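As structure tokens, the structure follows; a few thoughts come after it.
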Amino acid sequence: MSISPNIPTPQESYNYESTGTPRWVTILLILMMAGIVVLGIAGYSAQTRISQDLARQQEQNKILTAQLDQANTRIADIKSKVEITTQRMGLTQSELAQAKSRAEAIRKEQQTSDQKLTEEITQVQKESNEKIGAVATEVGGAKKDIEATKTDLEATKGKLDRSLGDMNVMSGLIAHNKDDLDELRRRGDRNYYEFTLQRSKNAQRVGPVQMSLNRTDPKKAKYTLTVVADDKTIEKKDKTSGEPVQFYVKGSARMAPYEIVVFDVGKNQITGYLATPKDGGGAAAPAAATPASAATPTKP
């Protein structure tokens, strides 16, 4: 078997590979070059991104710088206004300080005045308490006197008095109200005719006589009336309530006069009674007179 001269033998191949560059070195170099290329591309990409980011940052810095300039301008304006306001507030603060000082002075004056007033009130209260105590003592004594007087009044209750009439004749027992008049009627010493007399031109019959009321003065409890008895007209002028108004009729001169006693004097009206002796002298009134009403004597 012949060997072609162009084909190396295994030994020749081995010798050849042993004397040339190893393959792994070549592969390693290739890989290194590829890595360098990759790193270069990556670095370029990174540099590009960094450049873009730097450009954006610079743009933002420009915006921020412009905004900062505007803010500084505003701050300068505000500072200027604050300085002007501070100058104006300086005057206001001075005025406020004066007002505060004046208010403090007024407060102290008010405190002094209040303290003085409190002392005066305390003194007045003390004096008032002393006076009230004295008055209470006096009232206690007066109360005892009143109780004693009340006891005396209770003891004399129901007793009737006498009075000097307008003809200077001592009257019979005088009634000052309806209850007293009822007591007189129970006693039966005289005839009693109760009446309410209105102011009128016409006379009013009261028992055995006729009377007409001329005028009244309620404030002074005075009245004026005219009595018609025994064809005689008698005017009793400016008489007072409770006063015995006396007059005589035929047959009564030797006994006692007739008596008119008025309880109450009103406006154009009087209320009271007529008292006549029990026996004799009961003269009748003229028939020509027109009676407004008649009163009937009460018999014992």
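Quick check on my filter: what residues within segment 170-182 are open to solvent by 40 Å² or more (accessible area, probe 1.4 Å) and of a type in the set (A, V, I, L, M)? Spell out the reasoning first.
Taking segment 170-182 as the starting set, the residues that turn out to be open to solvent by 40 Å² or more (accessible area, probe 1.4 Å) are 170, 176-179, 182.
M170 - this is the single residue of segment 170-182 that is open to solvent by 40 Å² or more (accessible area, probe 1.4 Å) and of a type in the set (A, V, I, L, M).
Okay, residues lined up against (1) at pLDDT below 95; (2) surrounded by fewer than 20 Cβ atoms within 10 Å (Cβ to Cβ):
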{"position": "K232", "(1), (2)": "yes, yes"}
{"position": "E243", "(1), (2)": "yes, no"}
{"position": "F247", "(1), (2)": "yes, yes"}
{"position": "Y273", "(1), (2)": "no, no"}
{"position": "K278", "(1), (2)": "yes, yes"}
{"position": "A294", "(1), (2)": "yes, yes"}
Q. Here is a list of conditions, (1) open to solvent by less than 20 Å² (accessible area, probe 1.4 Å); (2) over 22 Å from D279 (Cα atoms); (3) outside any strand (DSSP E or B); (4) of a type outside the set (K, R), and L197 meets all of them except one; can you say which number that is?
A. (3)
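Among R215, R186, which is part of a strand (DSSP E or B) and not β-branched (V, I, T)? Walk me through how you get there before you give the answer.
Numbers: R186 fails: part of a strand (DSSP E or B).
Only one candidate qualifies: R215.
Criterion first (in contact (Cβ under 8 Å) with a residue 40 or more places away in the chain and charged (D, E, K, R)) does D231 satisfy it? Don't jump to the end; show me each part of the working.
Working: in contact (Cβ under 8 Å) with a residue 40 or more places away in the chain: yes; charged (D, E, K, R): yes.
When the stated conditions are applied, D231 passes them.
The values are calculated or read from the model by the stated rules, or taken from the named source; none is laboratory data. Predicted model, so just to flag it, every value in this text is computed and none were measured. Note that each Cβ is placed from the backbone with ideal geometry, even for glycine, and that neighbours are counted across all protein chains shown. SASA here: full protein model, heavy atoms, side chains in, ligands and nucleic acids out. Shrake-Rupley method; radii C 1.70, N 1.55, O 1.52, S 1.80 Å.
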